[in-house]
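Novice: To start, I am sharing the structure in question, which I have written as structure tokens.
The values are calculated or read from the model by the stated rules, or taken from the named source; none is laboratory data. Note that the coordinates shown come from a computational prediction; the quantities given were computed from them, not determined experimentally. So basically every Cβ, Gly included, is an ideal-geometry build from the backbone, and we count neighbours across all protein chains shown.
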DNA sequence: GGCCCTCTTTAGGGCCTT
């Protein structure tokens with residue numbers, strides 16, 4: 001079972017659903033179809049968010065209770081109709097039909113595959129903080145994406161990298177990471193299949209994204225679910241060779257995007273844009289290297305397996 | 001900081017992430 005083949009319809013959807021992102025919108029499930037959503041106009045709204053989540057713990061019978069009641073900024077950015085031309089709209093209609101027809105394939109996946117990316121205030125997992133989180137479920141469909149800015153409660157000094165400034169984050173309606181955890185857990189459980197793990201995918205995740213995420217959970221004194229597995233596309237990409245059989249000099253996400261001729265549809269170094277790029281790269285990468293989902297699972301690791309997450313580091 | 005490569009392993013430089 002290759003990732004590119006089972007995702008065929010969904011990757012096409014990805015290309016067309018780039019604007020179908022949501023910030024904490026997952027708490028409100030829409031009854032609208034994908035097609036109807038695509039026709040929605042761009043809009044921004046702010047509404048009170050109050051949620052209590054019972055978190056499943058890795059320890060049997062143990063549950064953690066989270067309670068949040070904050071007025072959070074909810075930004076819903078959906079694709080405008082003028083973005084799509086008629087042939088693309090017709091294609092979307094057919095893809096929607098395709099997805100409904102083959103929705104049963106979801107039960108055959110060995111794991112929920114979530115591609116994610118973070119933006120941070122710097123490279124130090126101990127001194128810096130996550131300021132943006134974005135994730136996309138490869139299964140696609142309604143609420144398949146999730147993204148939010150995060151108040152790091154410290155100055156952002158690398159705005160020139162991602163364009164995220166203090167004024168965008170230091171607001172009472174932007175959640176802190178502790179506020180986000182129960183919402184994130186709820187999102188993941190809404191996507192997770194019974195008895196199957198969640199496979200998080202990130203580029204350079206082993207050294208960067210996963211330790212960052214782990215330490216944010218640790219700071220908030222919340223245990224990361226034991227059935228969360230991670231896979232890093234960087235060492236996988238290092239297996240690629242050029243036309244002369246030599247290894248690539250660079251396997252950055254940007255170079256991989258260029259290699260596979262993936263169009264840049266937004267600002268690089270924004271979390272959801274990089275997630276979208278990585279979704280395409282993952283498809284191309286697994287196809288080129290003939291990697292299956294079970295093989296990806298074999299390459300996975302837990303956050304606690306990493307040397308970076310040991311207490312003495 | 002972790003990983004990979006090589007002019008290497010008793011080391012050092014470069015890539016990759018923000």
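Novice: Of the residues A:254, A:298, A:216, only one is out of contact with any helix residue (DSSP H, G or I) (no Cβ under 6 Å at 6 or more places or on another chain) and more than 10 Å from DNA strand B (Cβ to nearest atom); which?
Specialist: None of the others qualify; the one that does is A:298.
Novice: Quick one: would you say residue A:283 is away from DNA strand B (no atom under 13 Å from the Cβ), in a helix (DSSP H, G or I) and surrounded by 20 or more Cβ atoms within 10 Å (Cβ to Cβ)?
Specialist: Criteria met by residue A:283.
Novice: Return the pair list, or none, for Cβ contacts closer than 6 Å from residues in segment A:287-313 that are part of a helix (DSSP H, G or I) to residues that are within 16 Å of DNA strand B (Cβ to nearest atom) and at pLDDT below 80, at least 6 apart or on different chains.
Specialist: Partner pairs satisfying both residue conditions: A:303/A:309.
Novice: Looking at residue A:121 and the list (1) touching a residue at least 40 places away in the same chain (Cβ under 8 Å); (2) near DNA strand B (Cβ under 8 Å from one of its atoms), which single condition is not satisfied?
Specialist: (1)
Let's see how each residue does on (1) over 19 Å from residue A:268 (Cβ atoms); (2) in contact with a strand residue (DSSP E or B) (Cβ under 8 Å, 6 or more places away or on another chain):
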site	(1), (2)
A:137	yes, yes
A:160	no, no
A:165	no, no
A:182	yes, yes
A:191	yes, yes
A:197	yes, yes
A:200	yes, yes
A:215	yes, no
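Novice: Where the second residue is surrounded by 18 or more Cβ atoms within 10 Å (Cβ to Cβ) and outside any helix (DSSP H, G or I) and the first is free of Cβ contacts under 8 Å to residues at least 12 places away in the same chain and lies in segment A:160-188, which pairs have Cβ atoms under 8 Å and are six or more apart or on separate chains?
Specialist: A:165/A:156; A:166/A:156
Novice: Which of the residues spanning segment A:257-266 are out of contact with any helix residue (DSSP H, G or I) (no Cβ under 6 Å at 6 or more places or on another chain) and within 12 Å of DNA strand B (Cβ to nearest atom)?
Specialist: Taking segment A:257-266 first, the residues out of contact with any helix residue (DSSP H, G or I) (no Cβ under 6 Å at 6 or more places or on another chain) are A:258-259, A:261, A:263-265.
Result: A:258, A:259.
Novice: If we keep just the residues of segment A:133-158 that are under 16 Å from residue A:185 (Cα atoms) and within 11 Å of DNA strand B (Cβ to nearest atom), which is surrounded by the fewest Cβ atoms within 10 Å (Cβ to Cβ)?
Specialist: Taking the candidates together, the pick is A:134.
Novice: Still on this structure: Would segment A:173-190 turn up any residue that is within 10 Å of DNA strand B (Cβ to nearest atom) and either closer than 26 Å to residue A:142 by Cβ or not in a helix (DSSP H, G or I) (or both)? Before you say what the answer is, go through the steps one by one.
Specialist: Kept after step one, since they are within 10 Å of DNA strand B (Cβ to nearest atom), are these residues of segment A:173-190: none.
No.
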